[in-house]
Structure formats: C-alpha cells, structure tokens
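So the structure is just underneath, and the comments pick up after that.
What follows is calculated from the coordinates using simple rules that are stated; it is not laboratory data. The structure presented is a predicted model; accordingly, all values stated were derived computationally and were not measured. Virtual Cβ from ideal backbone geometry, glycine too; neighbours counted across all protein chains shown.
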Amino acid sequence: MDTDMKVERTAHRRIVPESDMPPPIKPSPEHETLRARLEDFSFYYSNGFQAIKHVDMPILDRKVTAIIGPSGCGKSTLLRSINRMHDLYPGNRYEGRIILEPEGENLIGKGADPVIVRLRVGMVFQKPNPFPKSIYENVAAGLRVRGVKDRHVIDEAVETALRRAAVWDETKDKLKGSASDLSGGQQQRLCIARALAPNPEILLLDEPTSALDPIATAKIEDLIQELSDSVTIVIVTHNMQQAARISHRTAFMYIGELIEFGDTNQIFTNPRHPRTESYITGRYG
Amino acid sequence: MALTTKGNLGPGRTEQSAFDAVHSAKRKDLWFAAGGLFVLAIAMSLLFTLIGDLIIRGTQYIDYDFMTSYPSRLPERAGILSAWVGSLLVMLVTAFLAVPVGIAAGLYLEEYARKGWFSDFIEINVSNLAGVPSIIYGLLALGMFVYGMGLGQTILVAGMTLALLILPIVIVSTREAVRSIPQIVKEGAYGIGADQWQVMWNYIIPAARPGIMTGAIVGLSRAIGETAPLITIGALTFIAFLPSPPVTGEFPFISFAWLHDGFTVLPIQMFNWVSRPQPEFHIAAAATGVVLIALTFSLNGIAIWIRYRLRKQHRN
Ligand SMILES: Nc1ncnc2c1ncn2[C@@H]1O[C@H](COP(=O)(O)OP(=O)(O)O)[C@@H](O)[C@H]1O
Ligand SMILES: [Mg+2]
C-alpha cells in the first residue's frame, strides 16, 4: 500500500511543483487551470486525533471534484478545512498548505483570517439549514454580511443566485415567504443559492443530497453539473454513482489518507490502487 | 365473509417473557401516572386554597381609593400609592441595570470567552450566586452601596441591589438560550462569511431572544416580590409622599432626582400591615398581596406570550 501511495503522491507532485513559489498556471491540453491545491495537508482534532494525513490534491478551476470514501474516512473534515470551519471550535489544528490560485495564498497560513477565507469559499451543508428568515433574506444574507446595502444590487443578486441554483421558478412568487415552508430539496437549493449569491471562488458541498429523495437529488445533480461551467466545486458524497455522474475528478480517501486521485472516468473504470478498486466495486464501504 | 375481531393482542410469535415485560412496564406506567396526579392535586389544592383565601379576603378591599392613597394610621384611609409607585420605579432601575448587563455577560461568556478552567470557574460561581439567599445581597448592598459608596437608602440602591440579585438568573438563562441554538445554524451563518459580531447580532441574538426575554422577565418577577434585601438596606415602611416626578415643567423636562428618594415597595408595605394588631390592616395586607400576585402573574404572562409569539415568528 505504501509504495502505491508514493506512486500516487509523486503523480500529483508533477501537477504541483515542490517550490513554495506559486507556479505559473499552465493550461493543460484540456485547458484545465488550477484553482487551489492541498500540499502535505494534515488536520488534527482538538483531542489530538489526526483525521487527515499528508494529503496532496489539486482542485481544478470550474470543474467538479468529488471526494469519496467510506464513512469516517475524513471527507467532511477535509472539506471543512477548505473554508476553515474547524476554526469555530477551539483546539483544532491544520498543518501543511491549502493554496488558493492564482494568487498563491495559503488559506491556513499564519495570519490568514478564517472569516476572509469564508468570504471567498462558500459552503453547503449535509442537512438543509436555511436561516429562519424569508427566502429573499436567506439569499441576501451573504451580501449583507459583506456590507452591500444597495437594494437594486441585492435584488439582482438574489434573482441571479436563485436562477443559478435552479430554484427561481419555485420561489419567485414568495420571496418574502418563510424559507422553512419550502420542501427539503428546495431548501437545499436555496442554501446553494445563498452560497452562490456572493460569487464564491470555490463552492464546497458536503453530501448535499443525503437528506433528500431521489427526485430532489437528481435536480441538485443537474444543477451541480450546470454550475461547474461557472464555479469551482468540491463535493463530498458517499454515493459513488453520484460522483461518477457529476464529477470531473475524484479523490478516494481511506482513514485520513488520500489513496487515489484522478480523472473520474479513470477512477471508476480503471482504478490504480487495489483499495480504490475494492471500494468502488462495493467490497466495503 | 364474517371476520371475528378481538381487541387484545396475544403474544403471537413473540417470546412470552417479552410479552410479560411489556405488561409489567405498562402497570408501572399506570402507577407512576396515578401517583404523580395525586401529588399534583394536593399541591395545587393547597396553592389554590392559599391564593383563593387571599383573593377572597383582599379583592373586595381594592378600589380606586386604595390604589391612590398613602398609608395611614387609620386602616380605612390606608392605601398603597407609595408602595406600588415605589415597586414600579425600583423595578425600572433593576431592569435597566440587570437586563443589559446580564445579557451582555451571558453572550460574552458563551460566545467570546475562551473555554478553559477560568470560564468553568465563572460558570460555577454564577450558578451558585443564583442560589445565594437574598438577604445576603441586602447585606452586601448595605455595606457597599449605602455605606461604602454613600448612596443612601434610595430607589437607586434598591434597584442596584435587586439587579445584583437577578443578574445570575439573566446570565444563566441567556447562556442556556444561546447554547440551545443548533450548531448547524451557527455554522450556516459563519459559512456565508459572517464574522463573530455579525453572527451574534444577526443570528444568535434573534434565535435566542425568546429564551433571553423569558429569563429577564422571570428575574424581574422574582425581584418584585423580594422583601428581605430591601429591608436590610433600609427601605422605609411608612411613606406618605411620592418620589420626585421623572418629568418636570422646566428644561430639560426629565429629572432623575427620584433615583435618590426614599421608597417603600409592595411586599414591605404588606409585611408592615401584617405585623399590625388591627385586623383591618390584615385585610389591607391581603389586598396588597393580591396586587403583588397580579403583577407577578402578569409579568409571567408576558413572558409566556413573548416566548410563544417569538417562537412562532421564528419558525415561520
Ligand atoms: N469533532 C471531532 N473530534 C474528534 N474526532 C472527530 C471529530 N469529528 C470527526 N472526528 C473523527 O474524524 C474522522 C473523520 O470524520 P469525518 O470527516 O466526519 O468523516 P466522513 O465525513 O468521511 O464520514 C472520524 O474518525 C471521526 O470520528
Ligand atoms: Mg461526513
């Protein structure tokens, strides 16, 4: 396993140069640019438990990156690191680097303000969690936090975000109505709109469909595919079919380690690591 | 086709022991419920007898004259004007001091203070303070406010004393209200890029408001009935004047001179009348008790109403 891991890691390092200098962004043959990269990233919970172990991983610009792996392997932990959610609880510790491109800024570096990170990286949670406010105010919340006061600007951003999140038609007549009156699937799309409204650089989704029925799930999957034209998405899912359907790149994690990262097609049709293979063929999970 | 139906389910294919266990658990439920109801009935009937007696004897005594007269040596001319005005003003000072300070302290402890042995220490002490006998607060206030700071036996000092007394209640209920907000709501707020201040003002306080308000009002309704600490700091038992009016005829039209006036409050007036030998005064005391209970109940009523209203509003 260790030798395989090394092969995998060196494979990433070819995309991610070793030097600390932000590399020039070289479009690959398929015009892929890097939006962010994790370098030797580790995470420790306050009880000392190391939930993420030395992960190197690229996040491509305007592509969907899926993180899969058995329950408890650290998918959520990894995702929540990218917008510094762990900073809400004392004692948690990051190690390594999460570099945001093209600026080459380290999100977890000394002096990086978690609030600024969250202004730039949006998040959608597993369970729909709209604020106990109107639909309009839910979507406007991110703008208000950023000090936007102009009504017209907010009106427009709310409509754009709701359209992008494919929930405009269902909500346009009741924007002043309460968000909690929406169905679970609508609420989750509202949460996506809420995260999209301030135009985040990266959108993180943590099992966004696990609390939803198949129809609502399908809607959100379509939506994610459409959004990937305009925003970089990282999605955690325990549903392998979902990862295969909607993502361009897939990362397979196992007990805190990134076992394999690659083109989604390759991961699902021709996994290099035996552990990936046994996971996607359903031998454990 | 005739179907025969039977209401009682037999064990079917379950084990007999499981069937018996359910039955015996049900019997215990029944006994527990019956016992609880019995105790509750005794407690309620005692309470209603007490209050009912008070109300029957006191209510017919309450009229316009009773509410607008000063206390008097003659029972038929005695009223509670200075007492209820005093209670009202003392409550005003108490609320003004304890509510903002208590809420701010609770929010700080819950949201800002670093969690560690020090915050644990403060938490334990605040909870303990809530259980300190009120007369101790009276002694503290007598030493600190009346003599130490030379503030005298005034409405201001009474308000400060009762504010100290209910501060732990407000702090604890604020903390509990904040703590009961689901983590997912807070994470959602931080997730849109809000900083701590914005999360607190725009998300935590609105969500915690019913609990915070309830705590504040419960604190006030405790303060309104407090007698011992106010007697300790030297509230007067016989007052035939009103504090200086808060609104005056000349600039700047608002006066705070009343803060430095002497005072009495409803429970002290009541206490005073109970200790008189004449039976008429005892009835006056009962009437004062009715007014006091009515005030307390309406405060609690307001608390329930607020909680109900805000919960509903919040849910929608
Ligand atoms: N707050 C925490 N403190 C300590 N350990 C935690 C905490 N949250 C999660 N973990 C542990 O970290 C590991 C990864 O959890 P998580 O990222 O939630 O897994 P996944 O999302 O892949 O199911 C698990 O072993 C879990 O028990
Ligand atoms: Mg998870």
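How many Cβ atoms of partner chains, on average, are near each residue of B:183-190 if near means within 10 Å of its Cβ?
Numbers: counts 3, 5, 4, 2, 6, 13, 4, 10.
Whole-number average of other-chain Cβ neighbours for B:183-190 is 6.
Using a simple charge model, +1 on the beta-carbon of Lys and Arg, -1 on the beta-carbon of Asp and Glu, nothing else, what dipole does region B:64-315 show about its Cα centre, in debye to the nearest 20? Walk me through the intermediate numbers first.
On the way: 15 positive and 13 negative charges, 126 e Å.
It comes to approximately 600 debye.
With a length cut of 20 Å (Cα positions projected on each helix's long axis) and a Kyte-Doolittle mean of at least 0.0, go through chain B and give me the DSSP H helices that pass. Working shown, then result.
Values: long enough: B:16-59 (62 Å, 0.87); B:81-107 (38 Å, 2.07); B:155-179 (35 Å, 1.78); B:205-224 (27 Å, 1.01); B:279-315 (54 Å, 0.46).
Flagged H segments are B:16-59, B:81-107, B:155-179, B:205-224, B:279-315.
For chain A, what's the relative contact order in percent, using C-alpha pairs closer than 8 Å and at least 6 residues apart?
Working: 530 pairs, mean separation 70.1, N = 285.
Averaging sequence separation for qualifying contacts and normalising by length gives 25 percent for chain A.
What order do you get for A:His86, A:His248 when you list them from fewest to most C-beta neighbours inside 10 Å? Let's see the in-between values first.
Values: A:His86 21, A:His248 18.
Lowest count first: A:His248, A:His86.
Considering only DSSP beta bridges with both partners in the protein assembly as shown, what is the antiparallel share in %, to the nearest 5?
Numbers: 24 of 41 bridges.
Percentage antiparallel, nearest 5: 60.
Would you be so kind as to identify which of B:Gly301, A:Ser178, B:Ala83 lies farthest towards the positive end of the dipole of the protein assembly as shown, taking Lys and Arg as +1 and Asp and Glu as -1 on Cβ and the Cα centre as origin?
Working it through, the farthest residue towards the positive pole turns out to be B:Gly301.
Is chain B best put as rounded, prolate or oblate by its Cα gyration tensor, with a ≥ b ≥ c the root eigenvalues, rounded for a/c under 1.5, and otherwise prolate when a/b is larger than b/c, oblate when not?
Numbers: a/c = 2.41, a/b = 1.40, b/c = 1.72.
Verdict is oblate for chain B.
Positive end of the charge dipole of the protein assembly as shown (Lys, Arg +1 and Asp, Glu -1 on Cβ, about the Cα centre): tell me which of B:Ala95, B:Leu9, A:Leu60 has its Cα farthest that way.
Positive-most Cα among the choices belongs to B:Leu9.
Report the trypsin sites (Lys or Arg not before Pro) located in region A:187-285 that are in a DSSP loop and have at most 13 other Cβ atoms inside 10 Å of their Cβ, or state none.
Values: sites: A:Arg189, A:Arg194, A:Lys219, A:Arg245, A:Arg249, A:Arg272, A:Arg275, A:Arg283; in loops: A:Arg272, A:Arg283.
Sparse-neighbourhood loop trypsin sites (Lys or Arg not before Pro): A:Arg283.
Give me the percent of DSSP beta bridges within chain A that run antiparallel, rounded to the nearest 5.
Numbers: 23 of 40 bridges.
The antiparallel proportion sits near 60 percent.
So if I place +1 on the C-beta of Lys and Arg and -1 on the C-beta of Asp and Glu, and nothing else carries charge, what would the dipole magnitude of the protein assembly as shown be about its Cα centre? I want it in debye, nearest 20.
Numbers: 58 positive and 56 negative charges, 175 e Å.
The dipole of the protein assembly as shown has a size of about 840 debye.
Tell me what chain A gives for mean residue ellipticity at 222 nm when only DSSP H runs of n ≥ 4 count, each as -39,500 (n - 2.57), the sum divided by the residue total, rounded to 500 deg cm²/dmol.
Calculated mean residue ellipticity at 222 nm is -10500 deg cm²/dmol.
With viscosity set to 1.306 mPa s at 10 °C, what whole-number translational diffusion coefficient in µm²/s follows for the protein assembly as shown from Stokes-Einstein and a Kirkwood radius over Cα pairs?
On the way: Rh = 29.6 Å.
Answer from the Stokes-Einstein relation: 54 µm²/s.
Using only alpha-carbon positions, what ratio does the radius of gyration of region A:60-141 give when scaled by 2.2 N^0.38 Å?
Details: Rg = 14.6 Å, N = 82, 2.2 N^0.38 = 11.7 Å.
Cα Rg divided by the expected 2.2 N^0.38 Å: 1.25.
Excluding A:Asp206 itself, calculate the net charge of residues whose Cβ lies under 13 Å from the Cβ of A:Asp206, where each Lys or Arg counts +1 and each Asp or Glu counts -1. Write down the numbers at each step before the final one.
Values: positive: A:Lys75, A:Arg80, A:Lys127; negative: A:Glu207, B:Glu187.
Its environment carries a net charge of +1.
When the gyration tensor of chain A is built from Cα positions, what are the square roots of 5 times its three eigenvalues, in whole Å, from largest to smallest?
Details: eigenvalues 196, 92, 64 Å².
So the equivalent ellipsoid measures 31, 21, 18 Å along its semi-axes.
Show which lysines lie in cross-link reach of B:Lys28 when reach means a straight Cα distance below 28 angstrom and same-chain residues fewer than eight apart are skipped.
The qualifying lysines are B:Lys6.
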